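S.K.: A single structure is presented below for examination.
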Amino acid sequence: MNIAIASDHAGVDLKEKIIKLLDGMSIKVDDLGTDNKDPVDYPDYGIRVAEAVSDGKAGRGILICGTGIGMSIVANKFPGVRAALCYDTFTAKISRLHNDSNVLVLGERVLDYKLALDIVKIWLKTDFEGGRHTRRVEKINEIEERLMKQREAK
Ligand code: RB5
C-alpha cells in the first residue's frame, strides 16, 4: 500500500515525523507538500491527497493542518474518500474498523507528537471490520452516486 501525504504550513513538522515513521515501516510514501512554513492555503494541499485517493493512485492518505478541520472538510468533498479527523487512538482505530477510513487527518496544533505517531500506527494496522459496517459504507457510496447523477442531470 502506498500512502499520499500532505500538509499546510501548520503541519509540516508533524508531516516530516510521519514520513520518517512510514520510511521506517518500509511503507511507500508520496510527499505532496508543502515543504516549509511559508503560509499556504490548506485546500490546495488537501486536494492533492484527496484526488490521489479518490482516483486510486494512492491506497490511503494522510493530511495535516493546524486543527485538522479544514483538511477534513476538503478531503470529504471527493468521491470515495472517507476522511477521519482523529484526536486519539480510539477514534483512529474505530475509523478503520467501522468507517473504513482511507484518509487520516491530524491537527498538529492540538496533538503532541507521540500521540500523533501512535494514532498513525494504530490507523495503519487496523483492518476494516466489514459485516454490518459494509452496508453502512455502501450507503455513503450510494449518496455520492445519487448526488453525482443529480448534478449531471442539471
Ligand atoms: C492555518 O492557520 C490554519 O487555519 C489551518 O492549518 C487549519 O487549522 C485549518 O483548518
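S.K.: Could we say that Thr134 is among the β-branched types (Val, Ile, Thr), away from the ligand (no atom under 16 Å from the Cβ) and in contact with a helix residue (DSSP H, G or I) (Cβ under 6 Å, 6 or more places away or on another chain) here?
M.R.: Against the criterion (among the β-branched types (Val, Ile, Thr), away from the ligand (no atom under 16 Å from the Cβ) and in contact with a helix residue (DSSP H, G or I) (Cβ under 6 Å, 6 or more places away or on another chain)), Thr134 does not qualify.
S.K.: Continuing with this model, one more query. Does the range 96-111 include one or more residues that are among the aliphatic types (A, V, I, L, M), in contact (Cβ under 8 Å) with a residue 40 or more places away in the chain and surrounded by fewer than 23 Cβ atoms within 10 Å (Cβ to Cβ)?
M.R.: yes
S.K.: If I filter the range 54-63 for residues that are farther than 22 Å from Leu124 by Cβ, at pLDDT 95 or above and of a type in the set (D, E, K, R), do I get at least one hit?
M.R.: Within the range 54-63, not a single residue is farther than 22 Å from Leu124 by Cβ, at pLDDT 95 or above and of a type in the set (D, E, K, R).
S.K.: Looking at the range 56-71, which of its residues are more than 8 Å from the ligand (Cβ to nearest atom) and surrounded by fewer than 19 Cβ atoms within 10 Å (Cβ to Cβ)?
M.R.: Hits for the range 56-71 are Gly56, Lys57, Gly59.
S.K.: Follow-up question, since we're still on this one. Look through Val74, Val53 and report the one residue that is within 16 Å of the ligand (Cβ to nearest atom) and crowded, with 19+ Cβ neighbours inside 10 Å.
M.R.: Exactly one residue qualifies, and that residue is Val74.
S.K.: Report the residue count in the range 9-39 for those that are among the acidic types (Asp, Glu) and either within 14 Å of the ligand (Cβ to nearest atom) or assigned to a helix (DSSP H, G or I) (or both).
M.R.: 4
The values are calculated or read from the model by the stated rules, or taken from the named source; none is laboratory data. As the structure is a prediction and not an experimental result, all values here were calculated from the model. Please note: Cβ atoms are built from the backbone with ideal geometry, for glycine as well, and neighbour counts cover all protein chains shown.
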